[in-house]
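Trainee: Before I ask anything, here is the structure I am working with.
The values are calculated or read from the model by the stated rules, or taken from the named source; none is laboratory data. What you see is a predicted model; the values in this text were computed from it and never measured. Neighbour counts run over all protein chains shown; Cβ positions are idealised from the backbone, glycine included. Protein only, heavy atoms only, side chains kept; ligands, DNA and RNA dropped before computing areas. Shrake-Rupley method; radii C 1.70, N 1.55, O 1.52, S 1.80 Å.
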Amino acid sequence: MTSSSAPKLSPGSVLDGTYRLDGLLGEGAVGVVYRATHLGLKKAFALKLLRPGADLDPFSVARFQREAEALGRLRHPHIVTVTDFGVDPGTGAPYLVLELLDGIPLSEICRTAGALPADRALPILEAVAGAVDAAHGQGILHRDLKPGNVLLCGTERDVKVLDFGLSEILPLPPLPPSGRRPAAPGGGGAAETEERLTATHDLLGTPLYVAPELIRRARADRSSDIYSFAAIAYELLVGQPPFQGSTAEVLTGHLEREPSPPAGALPHEIWKTLREALAKDPALRPETARELVRRLRAAAGRERRRRWLRTEAPRRILLSALLAAAVPAAGLLVPGLPLADRWADDLRIRAAPARAPDPRLLLITIDEASLAGPVPLADRADEIGGTLDRVFAAGARGIAVDLLLPDSWSASPGFSSLVLRHPDALTLAAFSTPDGRVLGAGCVGGLTAAALGPRAGALFGFVNLDEDPDGVIRHGRLGFRDRAGGERPSWAARAAGTLSPLPAVSDRKAFWIDHRTAAAGFTRISWRDVPAALAARPWTFRDRLILVGGDLVAAGDDVHRVPHRRAQKATVSGLMLQARLVDTLLAGMPVREPPKAPFLAAAALWSGLAAAATLLVRRPVRILAALFGGVMLYFALSITIFRSTGLLLPVTVLLLPALGALALATILRRALPPIPWSRES
């Protein structure tokens, strides 16, 4: 909202000289909330005003004052802070000044995300619980806890509890005579208003989260807030409130029914804890909100341990069995084993035949010839944007730019036009530094980013690469996890996704790059030659995914070490490496590893045979020769299988345990008494 269109305080308002209203944040039946700047402090606040007027409901005024009084007594990192309250003498309108918050209501998270995993839900609940218990410690009942009154301002731990307008401050004054009804709006006194605020005759709060004793018109207490908090926890973990339907059905559920257990969506331990917190009898609920979170966290921990035992215990039992049978897994602990594994994998790649890349891929290389000239690359945004727009016009399915573009490109009309016209088919590069900064994303900003909305961030894929300890890149990723826990696609995954659907980012994060792909098999065009190709051979770009990036290996810029086939180079440019990543994804990630459990069983069998032959057989040379002959045959078969299927069978996990068992058996053989023998032996 511009200053010319921003709302203004009335001239009679004494606030007019203190605050400047910058924009409308929200509007209710009797009140409005503005973003306001304190003219003296030069700081932004949220200014909540009741609309002035003779017909203003005294209940609304009292609720407004109650919120101010409650917040004025509370200082907690998870409760919205009030800085000022009063009644404007010029207009008669009560006002409340609050800290300005920028976040997402928890109700929106519940609506869009569904059931949250415990690891994500518990930090949110812990923050809300801290606010609830802090209010209770000051003698304040919230009485309207619901997801809509919880704001997530950043991470799951940056949470604020809002709207204490229905709060009750203890100890309460004596109740008016039973059965007395509140006066009509505009009449009555403080007693009637207090009666309405404490809900002795009117059901206040939200039916989806209200405690059963409040439905029965009983006095609210701390356990009522605990019930509402438990209902929030239920919705976060299950994906829906405890009871649904019409208002009557919801209220009946709170009074008479138990929440239905989710069908397999929630572990039994957590479900049991939630059911106890939603007990109809207030005395059976946890005493504090933190106690409920503690129980939920303990239940989640027990469930995690149970899952861990189901998956990990069999492996450990197997490992114990292998160690008992001549330590067949001892080779797994040898420091050189990972290096040996990489050596075996690289050897199979060297022996594999070349694989042709996907013919739909076309590389536009920015080489030395393309950079020649007086205009640097950073100042060629309009040229590049316009040329790539023509490539789209020639029929390209998608374009992925493997360059970290400067922020100044956001002001380029040509580049902005490209982005706005092809946001779903265009992939731009971003890079996450070790300190958490993101480079490259500033090239889309201003009006372009505003026009695209959430799709502006979806344009980018991360070009970060994972090097193995020996400096060689063997794996790629479908995505990366940001600081907020969200999944962000890799550059290669977003680019490949413009041609073919890919697995979900969280399904398989890491995959083997297929370095069998022949670098010479990619169709390439130098950037310098693109205009001529568009003019003479526009069909070259039709139905293709265009990968644009630097190819300056000779200059030593953006060079990476990779496993390589015979007659291939051991280093490639960043564009070529990303092209292999994209090609691997389009090919269905053909290089893969099978489950290791069957091979560990084979290693145990082979190691047992080696130990038995050494310890039990007088002359075990033939048996040992056959055993190691089988190992070599297996290694040869692993090369053949990789050539035809891309399956990387484990090698060292079988070879080294057999050697370790054999060495141990040999030592034991020399320490033990000689083996008796006869001519029949």
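Trainee: Pop a pseudo-label 7 angstrom from the Cα along the beta-carbon direction at both Ala518 and Val61 and give the gap in nm to one decimal.
Mentor: Between Ala518 and Val61, the label points sit 8.8 nm apart.
Trainee: When ranked by the protection proxy of mean other Cβ atoms within 10 Å per residue, highest first, what sequence do the peptides 268-281, 538-551, 363-376 form?
Mentor: Listed from highest to lowest mean packing, they are 538-551, 268-281, 363-376.
Trainee: Mind listing the phi-derived Karplus ³J(HN,Hα) values for the range 208-217, rounded to whole Hz, using 6.51, -1.76 and 1.60 with θ = phi - 60°, and x for any glycine or proline?
Mentor: In residue order, the calculated couplings are 4, 10, 7, 6, x, 5, 6, 5, 7, 6 Hz.
Trainee: What do you reckon, how do Ile641, Ile109, Ile226, Ile104 stack up by accessible area (1.4 Å probe), largest on top?
Mentor: Result of the area sort, largest leading: Ile104, Ile641, Ile109, Ile226.
Trainee: Please compute the modelled spin-label separation between Arg542 and Ser408, points set 7 Å along Cα→Cβ, answer in nm with one decimal.
Mentor: Calculated label separation equals 3.9 nm.
Trainee: Right, here's the next one. 5 Å is the cut-off here: which amide hydrogens, built 1.01 Å from N in the peptide plane, fall below it relative to Gly31, excluding neighbours closer than 5 in sequence?
Mentor: Hits under the 5 Å cutoff: Arg51.
Trainee: With a 1.4 Å probe and all protein chains kept in place, how do Lys596, Lys42 rank by accessible area, largest first?
Mentor: Greatest to least solvent exposure: Lys42, Lys596.
Trainee: Separate question: Describe numerically, in nm with one decimal, the distance between label points set 7 Å from Cα along Cα→Cβ at Asp435 and at Leu371.
Mentor: 2.6
Trainee: Taking H as built 1.01 Å from N, whose amide H comes closer than 5 Å to the amide H of Ile513, not counting residues under 5 places away?
Mentor: His475, Gly476
Trainee: Throw me the Rg/Rh for the range 420-464, computed over C-alpha atoms with Kirkwood Rh, two decimals.
Mentor: Rg/Rh: 0.99.
Trainee: Thinking of the range 454-552 as a set of Cα atoms, what percent of all their pairs are more than 22 Å apart?
Mentor: 44
Trainee: If you don't mind, there's one more thing I want to ask. Which value, in Å² and to the nearest 10, is the accessible area of Phe431 when all protein chains are kept and the probe is 1.4 Å?
Mentor: 70
Trainee: Moving to a separate point now. Want the number for Leu100 to Thr666: 0.36 nm per residue separation, take away the alpha-carbon distance, what's left?
Mentor: Residue separation times 0.36 nm, minus the Cα-Cα distance, leaves 196.2 nm.
Trainee: In what sequence, highest mean first, do 583-590, 436-443 appear when ranked by Cβ atoms within 10 angstrom?
Mentor: For the peptides 583-590, 436-443, the packing ranking is 583-590, 436-443.
Trainee: Related question: Hey, what do the phi angles of the range 362-370 turn into as Karplus ³J(HN,Hα) couplings, whole Hz, using 6.51/-1.76/1.60 and θ = phi - 60°, x for Gly and Pro?
Mentor: Residue by residue, the range 362-370 yields 9, 9, 9, 9, 9, 9, 4, 5, 5 Hz.
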